[in-house]
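Participant: This is the structure I have questions about; it appears just below.
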């Protein structure tokens, strides 16, 4: 039985349009997938085959992060395609997994676990930098595998309390109608599923995991700065400059596309905390989440000089195949993220 809230989340003058519909969401997610999936495949190919020797130490970490960011895109735009009715944390799934008769609650946990695993892969990028800069610190060489295992395990198991608190769906429709009487008949005709009758547990669990990851990220940044100061005198000035440029490139690669995650999750959290209903913004939020891998791949190819050159080479080859007379000129580079002609310790 649901514990019905006393507030009504619907505005009396709320008008439903096509932007509120699940058809709009599904079409938009599939359009995102058409552009995102090829770019993710191409970016993965660039990492595997075009990473220069100077970036070999970071290759696996970059590939792992790239895999999770793209996999989150695939989950949101192809496999699950969640249609959320916020602020109730109710909705349904529209993706491929529903045709395999996978229960909605398992699909919800699958989404949460993949997003958390992607966040852990971000930590792994910084951990890799710390491990290399600390010159393969002896104790961390054996501690890092348990650390990886712990974080990925927590990513999978963190939302189990939410899973075991999923209410009986017998009165789901009554619960939704009482709180959102303004829902259109089109949305009410969907097989709606209530994930949580109270937003509190979902929000607390999310904030705990976010705080845990941010604390580790801040600590790794502290260790990185300390390692640079401690072992910097063992490295050449050029290598130190390369390290600094690489870290700036990683920050750009993570920071700018993170807008596609932070903004939607902030809105969804705000909606759940304050009972604000706007289906249009909820749909747009999930579309924005599904573009994260696309923009992350795009910025990765742009900020790393070696990958940027690989993309230009591909365009040159395609142009020549199409019959264009293209002459490539390689000027002397003075400032790049990674000088590919001079392999160095990274």
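Participant: Does residue 58 satisfy being within 30 Å of residue 189 (Cβ to Cβ), crowded, with 20+ Cβ neighbours inside 10 Å and either touching a helix residue (DSSP H, G or I) at 6+ places or on another chain (Cβ under 7 Å) or modelled with pLDDT under 95 (or both)?
Facilitator: no
Participant: Testing residue 206 on (1) surrounded by fewer than 18 Cβ atoms within 10 Å (Cβ to Cβ); (2) assigned to a helix (DSSP H, G or I), one condition comes back false. Which one is that?
Facilitator: All conditions are met except number (1).
Participant: Ok, one more. Which helices (runs of 4 or more DSSP H) sit wholly inside region 69-174 and have at least 2 residues that are under 22 Å from residue 36 (Cα atoms)? Can you show your working first?
Facilitator: On the way: elements: 104-133, 138-157, 160-164.
Once the helices (runs of 4 or more DSSP H) in region 69-174 are filtered for at least 2 residues that are under 22 Å from residue 36 (Cα atoms), what remains is 104-133.
Participant: Condition (residue is free of Cβ contacts under 8 Å to residues at least 24 places away in the same chain, surrounded by fewer than 18 Cβ atoms within 10 Å (Cβ to Cβ) and within 20 Å of the chain's Cα centre (by Cα)) applied to region 109-124: is it met by at least one residue? Give the steps one after another, and end with the answer.
Facilitator: The first filter runs over region 109-124 and keeps only residues free of Cβ contacts under 8 Å to residues at least 24 places away in the same chain, leaving none.
Among the residues of region 109-124, not one is free of Cβ contacts under 8 Å to residues at least 24 places away in the same chain, surrounded by fewer than 18 Cβ atoms within 10 Å (Cβ to Cβ) and within 20 Å of the chain's Cα centre (by Cα), which makes the answer no.
Participant: Closer than 30 Å to residue 181 by Cβ, surrounded by 22 or more Cβ atoms within 10 Å (Cβ to Cβ) and within 21 Å of the chain's Cα centre (by Cα), is that true of residue 81?
Facilitator: Values: closer than 30 Å to residue 181 by Cβ: yes; surrounded by 22 or more Cβ atoms within 10 Å (Cβ to Cβ): yes; within 21 Å of the chain's Cα centre (by Cα): yes.
Yes, satisfied.
Participant: Looking for something surrounded by 12 or more Cβ atoms within 10 Å (Cβ to Cβ), modelled with pLDDT of 90 or more and in a helix (DSSP H, G or I) - is there at least one such residue anywhere in region 313-324?
Facilitator: no
Participant: Within region 72-95, work out how many residues are on the phi > 0 side of the Ramachandran plot and at pLDDT 90 or above.
Facilitator: So in region 72-95, the residues on the phi > 0 side of the Ramachandran plot come out as 81, 89, 91.
When the remaining residues are screened for being at pLDDT 90 or above, the result is 81, 91.
Qualifying residue count for the region: 2.
Participant: Return yes or no: is residue 98 surrounded by 20 or more Cβ atoms within 10 Å (Cβ to Cβ), over 14 Å from the mean Cα position of the chain (by Cα) and at pLDDT 90 or above? Outline the logic, then answer.
Facilitator: Numbers: surrounded by 20 or more Cβ atoms within 10 Å (Cβ to Cβ): no; over 14 Å from the mean Cα position of the chain (by Cα): yes; at pLDDT 90 or above: yes.
Answer is no for this residue.
Participant: Would you be able to tell me the number of residues in region 185-199 that are over 20 Å from residue 81 (Cα atoms) and assigned to a loop (DSSP other than H, G, I, E, B)? Talk me through it step by step, then tell me what you get.
Facilitator: So the first thing to find is which residues in region 185-199 are over 20 Å from residue 81 (Cα atoms), and the list is 185, 197-199.
In the following step, the residues that additionally are assigned to a loop (DSSP other than H, G, I, E, B) were identified as 197-198.
Looking only at that region, the number is 2.
Participant: Also, quick follow-up: Exactly one condition in (1) at pLDDT 90 or above; (2) out of contact with any strand residue (DSSP E or B) (no Cβ under 8 Å at 6 or more places or on another chain); (3) at positive phi is false for residue 21; which is it?
Facilitator: Only one criterion in (1) at pLDDT 90 or above; (2) out of contact with any strand residue (DSSP E or B) (no Cβ under 8 Å at 6 or more places or on another chain); (3) at positive phi is unmet by residue 21, namely (3).
Participant: Cβ-Cβ below 7 Å, separation at least six or inter-chain, first residue in region 153-173 and without any contact (Cβ under 8 Å) to a residue 40 or more places away in the chain, second outside any loop (DSSP other than H, G, I, E, B): which pairs?
Facilitator: Between residues of region 153-173 that are without any contact (Cβ under 8 Å) to a residue 40 or more places away in the chain and residues that are outside any loop (DSSP other than H, G, I, E, B), the close pairs are 165/201; 169/193; 169/194.
The values are calculated or read from the model by the stated rules, or taken from the named source; none is laboratory data. Bear in mind the structure is a predicted one, so any value in this text is a computation, not a measurement. Positions of Cβ are generated from backbone atoms using ideal geometry, with glycine treated the same way; all protein chains shown enter the neighbour counts.
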